[in-house]
Amino acid sequence: MELRKNDIINLNITAMSSEGSGIGRTQDGLAVFVPMSAVGDELKVRILKVKKTLAYGKIEEIITPSPDRVTPVCKVSRLCGGCVYSHITYEAELESKEKRVADAISRIGGIDTKINSIVGAENPCRYRNKAQIPVGLTQEGKVAMGFFSRHSHRIVDSMDCELQPEVFLTASKILRDFIEEKNISVYDEQTHSGLVRHLYLRYGEATDELMVCIVINGNKIPFEDELVQSFTQTIPAVKSIIINSNTEKTNVIVGKKFRTIYGEEYITDILCDLKFLISPQSFYQVNRRQAQRLYSIAQEYAQLKGEETLIDLYCGTGTIGLSMANKCKSLIGVEIVPKAIEDAKKNAELNGIDNARFICGDASDAASQLEREGIKPDVVILDPPRKGCDAELINTVAKMSPERVVYVSCDSATLARDLKLFSELGYITQEVTPVDMFPRTAHVESVACLTRD
């Protein structure tokens, strides 16, 4: 029977997608993706969209619930769409993520290797140290602050998120009350009018330092002195208050102009016993505790003895490489973002690390440059963006002949693809360890250990 939009069908959920939706199959074998469903659910599903090879639906009725189902702690999880696993146990979420990584390595990479048990978080809540909270108006004209609904720019009005520290809620209330009391306009992206666009927060978990950055469609916010007092008198952790000017008609949250109106232009945090400066533009791991676990695994895979040359490609602000600097003879970090390289150099100096060199440039170009310089790394760390590494970079790394490659990935599909390319160039994937850096969301990180054949 041909499936059509608005058909209501019975469906048993048997698998989970990489986006966190449940998957069931019709009698004809067509895969139907259903958000907020769980493996083991028996459902009545309304079909929303039908394609040649798959369909999308939504739950009309739960006939028999999965044993993995729980009641979401967050009241707006269905509207927000960020926490795609909020309706199942954390154990079931970890099982799903571990299986996703294993399936990708086997199916896409064609690699038979050891997949270790996923490293889950001790606490899947309140782990985020960064938030970008949009500000707008409800239909009734009240100030709305929260999160954009999935695949839209409609604000779900909820300032508290179970993934964020409670101090973020306090900061959000302060700004909302200030806007309402002072009758300050908020931004409307349809008309490009109004002042306040976003509240951008960063938190040093180990140091208890909070940065408040207010993104505005202009250069100055009224009553700045009173705004500073509102934050500093209520939240002792506030160490930095910054105004960011973003007057562009764009979906990009943060503009290029920053002005510090209280404290310093950065806060600090401690990661792997090192101190790191965090500015509004700095890359810093969102989940500090899990980052320490991930870096520990990467260091174990690197097997540094103290005499090695270590190259950290896609080094960002240097966190992962610097965490291993005392275990190697020399560290070379590469990153294309100039501000990140500046931060990496500052972080090395801040921690008294004098065996680190940082290069600003494209990873492929820099790797070729180092090869021309005759630098022979013993270990290469790769931590690319979601798209993974390009074939040229992988070829260049293989030409440099490091004994070991440690690949940190935020996308198991591109990791599997790249491991296959490495295998064709003589590198064996010894093992892979998934790490849950972003509990309750669809994301999962992995660390792979490769050795030269």
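The values are calculated or read from the model by the stated rules, or taken from the named source; none is laboratory data. Everything quoted here is computed from the prediction, not taken from an experiment. Cβ atoms come from the backbone with ideal geometry, glycine included; neighbour counts cover every protein chain shown.
Take the conditions among the β-branched types (Val, Ile, Thr) and without any contact (Cβ under 8 Å) to a residue 12 or more places away in the chain and apply them to Thr191. Does it pass?
Numbers: among the β-branched types (Val, Ile, Thr): yes; without any contact (Cβ under 8 Å) to a residue 12 or more places away in the chain: yes.
So Thr191 passes the test.
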Just to check your reading of the model, which residue among Asp208, Asp225 is over 24 Å from Val286 (Cα atoms) and acidic (Asp, Glu)? Asp225
Taking the criterion of being surrounded by 18 or more Cβ atoms within 10 Å (Cβ to Cβ), in contact with a helix residue (DSSP H, G or I) (Cβ under 9 Å, 6 or more places away or on another chain) and more than 13 Å from Tyr262 (Cα to Cα), would at least one residue in the range 183-193 satisfy it? yes
Could you say whether any residue in the range 361-377 is in the same structural domain as Lys327 (by TED's automatic domain parsing), among the basic types (Lys, Arg) and farther than 27 Å from Gln290 by Cα? yes
Tabulated pairs, the range 227-249, first farther than 21 Å from Gly204 by Cα, second in a helix (DSSP H, G or I) and among the hydrophobic types (A, V, I, L, M, F, W, C), C-beta under 8 angstrom, 6+ apart or interchain: Leu227/Phe178
Out of all the residues in the range 64-120, which are assigned to a loop (DSSP other than H, G, I, E, B), more than 16 Å from Glu431 (Cβ to Cβ) and hydrophobic (A, V, I, L, M, F, W, C)? Val70, Val73, Cys74, Val76, Cys83, Val84, Ile108
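Return the total of residues in the range 116-132 being β-branched (Val, Ile, Thr) and crowded, with 21+ Cβ neighbours inside 10 Å.
The initial filter retains those residues of the range 116-132 that are β-branched (Val, Ile, Thr), namely 118-119.
Cutting the leftovers down to crowded, with 21+ Cβ neighbours inside 10 Å gives us 118.
Within the range 116-132, residues that are β-branched (Val, Ile, Thr) and crowded, with 21+ Cβ neighbours inside 10 Å number 1.
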So Gln164 ticks every box in (1) at pLDDT below 95; (2) surrounded by 14 or more Cβ atoms within 10 Å (Cβ to Cβ); (3) part of a loop (DSSP other than H, G, I, E, B) but one. Which box is left unticked? (1)
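Say we look at the range 77-113 and pick out the residues that are β-branched (Val, Ile, Thr) and closer than 15 Å to Asp411 by Cβ; which of these is nearest to the chain's Cα centre (by Cα)? Give the steps one after another, and end with the answer.
Here is the first cut: in the range 77-113, the residues β-branched (Val, Ile, Thr) are 84, 88-89, 101, 105, 108, 111, 113.
With the extra rule that they be closer than 15 Å to Asp411 by Cβ, the set shrinks to 101, 105, 108.
Numbers: Val101: 17, Ile105: 21, Ile108: 23 Å.
Across the range 77-113, the extreme among qualifying residues is Val101.
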Out of (1) touching a helix residue (DSSP H, G or I) at 6+ places or on another chain (Cβ under 8 Å); (2) farther than 17 Å from Thr317 by Cα; (3) at pLDDT 95 or above, what's the single condition that is false for Asn347? (2)
Assess whether Ile261 counts as being aliphatic (A, V, I, L, M) and either assigned to a loop (DSSP other than H, G, I, E, B) or farther than 30 Å from Phe223 by Cβ (or both). no
I'd like to check something: does the range 40-55 contain any residue that is assigned to a loop (DSSP other than H, G, I, E, B) and closer than 20 Å to Asp436 by Cβ? no
